[in-house]
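Asks: Below you will find the structure I want to go over with you.
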Amino acid sequence: MMAAILSAHELCYQIGHHVLIDKINLKIEPGESIALLGANGAGKTTLLRLLLGVLPATSGAIYLEGKRLTEWARRDVARRIAYVPQQHTPHFPFTVRQMVEQGRLPQQGLFRSMDADLHERVSLALEMMGIADLSERVYTQLSGGERQLVLLARALLQETPLILLDEPTNGLDYGNQLRLLERLRSIADSGRSILTITHCPEHALLAANRVWALQDGRLIADGSPQEIITPTLIHQLYHTEVSQIDSDHYRFFVPRTFVPCSTP
């Protein structure tokens, strides 16, 4: 059995007397696509930042490929973990292609010149995310959804065994949301691991093979989407009543607190 790519043992993080992450134990195995569900303020982004080593844990330990995360050089971490934040604004007016090229910096260094192989890899990543036509546009002039696709293309080019994504569908239109979920599932099928923060249970059901539910800094559920994502969990996390609809291979939830607008 292959060792976990990333794991945490009794992980805690607090600011003063306020505990944000409370004694979390977790493992991410090769090829897993994990959806992290939780309400606003549950600690999801904080957990991702801890797993990246951006925040120092108050107590507990994180292990990358069996070695303490604190013992890794930052560049070596970047060779193994790619991160897609919710928002990103660079200090310089890079083009989309230049932004994606930066995904190779951990592997090749800052001063290696562009070669034909890298140019082809960048083009492929742009095509995979459906943004090849934006390659010469200035990144800062794009919409929020378009920027998100650029960051995802950069993460693909980084070619790490693990990708962490903080609400990657935020700002994407409906079609791009579905295409992104399909792409994430394909990446996991190829053997790379994915941890995605999402607020949409249906997205977790479509693209993940494992779900973590976070509440008040604690993991309260861990298992397969079909087992974990139920009206009971949704009520526990989001304090809203929903009804479950199962159809063929899909599951949907509809609110019970109001009815759709009537047709005039």
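For (1) surrounded by fewer than 16 Cβ atoms within 10 Å (Cβ to Cβ); (2) among the charged types (D, E, K, R); (3) closer than 24 Å to Ile81 by Cβ; (4) touching a helix residue (DSSP H, G or I) at 6+ places or on another chain (Cβ under 6 Å), each residue gets a yes or a no:
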residue	(1), (2), (3), (4)
Ser193	no, no, yes, no
His199	no, no, yes, no
Ala204	no, no, yes, yes
Trp212	no, no, yes, no
Thr230	no, no, no, no
His235	yes, no, no, no
Asp246	yes, yes, no, no
Tyr250	yes, no, no, no
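Asks: Sticking with this one: All but one of (1) modelled with pLDDT of 95 or more; (2) aromatic (Phe, Trp, Tyr); (3) assigned to a loop (DSSP other than H, G, I, E, B) hold for Phe258, so report the exception by its number.
Replies: Only one criterion in (1) modelled with pLDDT of 95 or more; (2) aromatic (Phe, Trp, Tyr); (3) assigned to a loop (DSSP other than H, G, I, E, B) is unmet by Phe258, namely (1).
Asks: Among the residues of the stretch 71-87, which ones are loosely packed, with under 12 Cβ neighbours inside 10 Å and either of a type in the set (Asp, Glu) or more than 28 Å from Thr169 (Cα to Cα) (or both)?
Replies: At the first step, the residues of the stretch 71-87 found to be loosely packed, with under 12 Cβ neighbours inside 10 Å are 71, 73-75.
Answer for the stretch 71-87, where residues must be loosely packed, with under 12 Cβ neighbours inside 10 Å and either of a type in the set (Asp, Glu) or more than 28 Å from Thr169 (Cα to Cα) (or both): Glu71, Ala73.
Asks: Please go through the stretch 12-37 and give me each residue that is of a type in the set (A, V, I, L, M, F, W, C) and under 21 Å from Leu237 (Cα atoms), ordered by number. Even if it seems obvious, please write down each step before you answer.
Replies: First, pick out the residues of the stretch 12-37 that are of a type in the set (A, V, I, L, M, F, W, C): 12, 15, 19-21, 24, 26, 28, 34-37.
Within the stretch 12-37, Cys12, Val19, Leu20, Ile21, Ile24, Leu26, Ile34, Ala35, Leu36, Leu37 meet the criteria.
Asks: Filter the stretch 168-186 down to the residues that are surrounded by 19 or more Cβ atoms within 10 Å (Cβ to Cβ) and either on the phi > 0 side of the Ramachandran plot or among the β-branched types (Val, Ile, Thr) (or both) and list them by number.
Replies: Listed by number, the list holds a single entry, Thr169.
Asks: For the list (1) modelled with pLDDT of 95 or more; (2) closer than 30 Å to Leu157 by Cα; (3) of a type in the set (Lys, Arg), I need the number of the one condition that Arg75 fails.
Replies: Just one mismatch for Arg75, condition (1).
Asks: What helices (runs of 4 or more DSSP H), lying completely within the stretch 148-237, carry at least 2 residues that are in contact with a Gly (Cβ under 8 Å, 6 or more places away or on another chain) and either among the polar types (S, T, N, Q) or modelled with pLDDT under 95 (or both)?
Replies: Here the list reads 174-189.
Asks: Let me ask something else about it. Out of the stretch 209-247, which residues are of a type in the set (D, E, K, R) and within 24 Å of Ala8 (Cα to Cα)?
Replies: Arg210, Asp216, Arg218, Asp222, Glu227
Asks: If Ile15 meets every condition in (1) over 17 Å from Leu219 (Cβ atoms); (2) over 16 Å from the mean Cα position of the chain (by Cα); (3) buried (at least 17 other Cβ atoms within 10 Å of the Cβ) apart from one, which number is that one?
Replies: (3)
Asks: Taking Gly144 and the conditions (1) on the phi > 0 side of the Ramachandran plot; (2) without any contact (Cβ under 8 Å) to a residue 60 or more places away in the chain; (3) not hydrophobic (A, V, I, L, M, F, W, C), which numbered condition does it fall short on, given that it satisfies the others?
Replies: The failed condition is (1).
Asks: Okay, moving on. As an exercise: evaluate Leu165 against (1) out of contact with any strand residue (DSSP E or B) (no Cβ under 7 Å at 6 or more places or on another chain); (2) surrounded by 15 or more Cβ atoms within 10 Å (Cβ to Cβ); (3) not acidic (Asp, Glu) and give the number of the one condition it does not meet.
Replies: Leu165 satisfies every listed condition except (1).
The values are calculated or read from the model by the stated rules, or taken from the named source; none is laboratory data. From a predicted model like this one, the values you see are computed outputs, not experimental measurements. In this analysis, Cβ positions are derived from the backbone assuming ideal geometry, glycine residues included, and neighbour counts consider all displayed protein chains.
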